[in-house]
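Report on one structure; see the data block that follows.
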């Protein structure tokens, strides 16, 4: 096995996509037998069920007992057998089925108008339609391949992960401050990306059109394979949401992290890509001249130096009038702004992998990420299923503990899931059920008295 | 003479808001010919008797209006241009020698077209978009009094925000106003605060300031709110009409109305390309050749990229896959074709597991089992390809350099090239495509290109007639 570390030094050989990194895989990857134990002892069924019930599992007369049973789950089994439209009436049905089928992947679909298992009975009438679904976002590192030089494709490392961190911050703040959502769950996708679940009642009931509107609100990425410019910020000013994202997140993420970690100006090929975004010939040839000559400018990092040169030229009084400083923003946005798979967000019936699944390639658990402390999240130290089982073996069986997961590093994730997400969510679900029930009662009283 | 009671064929949606009686009959004095300011909301069909020929003629006139709007949109016309276009369309098609009949014609034609366009998802979608667009522009041309009335009739009772609230968010509102090219709001400007869900199009275009779930809309944006309400009402009404059509009307009217209704939608919305017709037998081995000779640039580009990369992302697979279905590629051949390419990149096994499903899905063999239609130009133009994507309309989505290179490769000469670029700059993408067609085939295409499959069929026709004349 090759164990030599790859030098990421500024050699000119690093060409996008051509780099082969030896994987430092220990034998702690993924194993179907591990999965059986994971589902047997560690998977947090009860919390999962509580979440997906949204308060409807309670005794309140206003709760909808059929709610959980109308939710579609789908399982991907060993040999890629794909079971869609699984549904369960209660916690134990779900638990038994998952333990028995031991799915490599569990996806969550929408809540339908009727039990998905009985959909064929309603096939003709268009009665079988999705009625509720969390608003979801899927961000995948592969969509950033043209702006990261450390890895490509399925690989991620701590040098490119700040791209995900920036995406979480921008999207989270916007969902909360602009759209007014409160119950937002961020989850590591197990390998190279993150998922976001917005669970407020009004988020779950959004129409496809409204979902598309949110996706469009976020959508900036205008370039495609056949156009040179990747982001084009038009108009005399930026939307307040973009201004906030820029000043609070993107600028800092670019200047204090990605600029140097991705060595964005280190080679001719890389800086030419940036000069391409500036339409003014005199500026680009000026910069090019400076950068081609001084190959070694000693102490300062070449990336920061060149970025400062570019900025001061574009923002200098001479070019101010021509809107040149906008290109500074365009460059930052191109390298940092979140790239969403918007199809996932737009449609109610898109499936998305459930939290606490085990990623079948990496063996890592899809754990929640705390958006308030997402800078501290490290995808390379997320517990793997193998590690959890080892911890379980090593743990002192004498210690009395309600759950097996309490004795592993999964405990922290589950406790976070409960306290930061589930409890506040269920509290507002109960209030919502209560108030809509009261409204109904009031209404029927009124109609009686008339 | 045959007459119909219109209201018997319409379904009305139970109203949840208490509004005034929404349908205003033609009580206005018929003297003034300018008094066409009544903007009906089409809440319920009036109890009018309609003559058979009016039933059809009115519907055709309205269809001309809707079709005109649809063409205008796909040519990428801007809002002001659309406004002018709608005004002209209404003037040419919706007038009536008797002033009092204008309103009736408006209402009757609308309800007839509801019957015509209620019957499939695609038809409903088209009708809904075009009627909403029409309503929107008519609303904009109404005076403030009339606008207020419509506002009230739709049950929209929002209060303007207070001065204090305005001052608190003023700099954000100024920013947004500048962004969308409006003058900065003065301190007596009227803004409404509405749940963002009610103005999705303003949110999608980032044309409003959002805060904690509310959108701050300026008085000139009220039209969006109104149009959204109109649209959602009409959408519900169309589903109900559809139910009524399938459950009773179709059977009862199978000799009278049904034939008219069925003929109306096909003859004016253009043909349905989901079923290949004339050149139904295309086999895989011919594909390379016909891609060169008869595919429009958008499909040719996808086809070439697929051959080059042995992969296409979702948007590309949908756009090309459905086009090929329309061209006449059978399901088995389609599977073989995609597998041959993809397996070189991802392996045959992964293809069968991950990609084959969606191809069968396109052919209506999986999932909802809907036989999906190939994308029209309008759909292709309005798509938004991003990194790694190759779908979309090259005339819209390529940079000028790339477009020139691609057209050069197709054999477009220099002079036409400049004409094409001119159309592109003015955002007449379909006209640019039409010019390309004409240049390559050396023949005219009067109807213009509206659909990639139409391009293909027209191209095959030209080539065939050339073959016949030479042999």
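Nothing in this text is a laboratory measurement; each read-out follows from the coordinates by a stated rule. Keep in mind it's a predicted model, so treat the numbers as computed, not measured. Neighbour counts are summed over all protein chains in view; Cβ atoms, including those assigned to glycine, are modelled from backbone coordinates with ideal geometry.
Please order A:372, B:201 by the number of other Cβ within 10 Å, starting at the fewest.
Exposure proxy ranking, most exposed first: A:372, B:201.
Any chance you could tell me what percent of the C-alpha pair distances in the range A:106-224 go past 25 Å?
More than 25 Å apart: 37 percent of the Cα pairs in the range A:106-224.
Under 10 Å, Cα contacts only: if you run a Gaussian network model on chain A, which one of A:167, A:386, A:213 comes out with the highest mean-square fluctuation?
Checking each option, the largest mean-square fluctuation is seen for A:213.
Specify the angular offset, from 0 to 90 degrees and rounded to the nearest 10, of the alpha carbon long axis of helix A:91-101 from the longest principal axis of the alpha carbons in chain A.
The two axes meet at around 60 degrees.
Within 10 Å of each residue's Cβ, count the other Cβ atoms and sort B:243, B:124 from fewest upward.
B:243, B:124
Translational D (Stokes-Einstein, µm²/s) of the range A:247-317 at 20 °C and 1.002 mPa s when Rh comes from the Kirkwood sum over C-alpha pairs?
Value of D from the Cα-based Kirkwood radius: 168 µm²/s.
Mind checking the mean number of beta-carbon atoms from other chains within 10 Å of the Cβ atoms in A:235-248?
Across the residues of A:235-248, the mean count of other-chain Cβ atoms within 10 Å is 4.
Considering the Cα positions of chain B, please state its Rg to one decimal place and its Dmax as a whole number of Å.
Looking at chain B, its Cα Rg and Dmax stand at 25.2, 83 Å.
Principal axis extents for chain A, Cα atoms only, whole Å, descending order, please.
80, 67, 43
Cα axis of helix A:208-218 to longest principal axis of chain A: angle in degrees, 0 to 90, nearest 10?
Rounded to the nearest ten degrees, it is 30.
Can you give the mean number of other chain Cβ atoms that lie within 10 Å of the Cβ atoms in peptide A:337-349?
Average neighbour count from other chains, rounded to a whole number: 1.
Measure nothing fancy, just the Cα-based angle from helix B:429-441's long axis to the longest principal axis of chain B, in degrees from 0 to 90, nearest 10.
With rounding to tens, the tilt is 30 degrees.
So what are the three principal axis dimensions of the range B:284-470 from its Cα atoms, in whole Å, longest to shortest?
Computed over the range B:284-470, the largest-to-smallest principal extents equal 49, 41, 30 Å.
Need one number: convex hull volume per residue for the range B:57-190, Cα atoms only, in Å³.
Enclosed volume per residue, from the Cα hull, is 156 Å³.
Looking at the calculated P(r) for the range A:39-139, what percent of the C-alpha pair distances fall above 16 Å?
60
Over the alpha-carbon set of the range B:165-236, divide Rg by the Kirkwood Rh and report the Rg/Rh ratio to two decimals.
0.98
Beyond 57 Å, how much of the Cα-Cα pair distribution for the protein assembly as shown remains, as a whole percent?
It works out to 14 percent of all Cα pairs.
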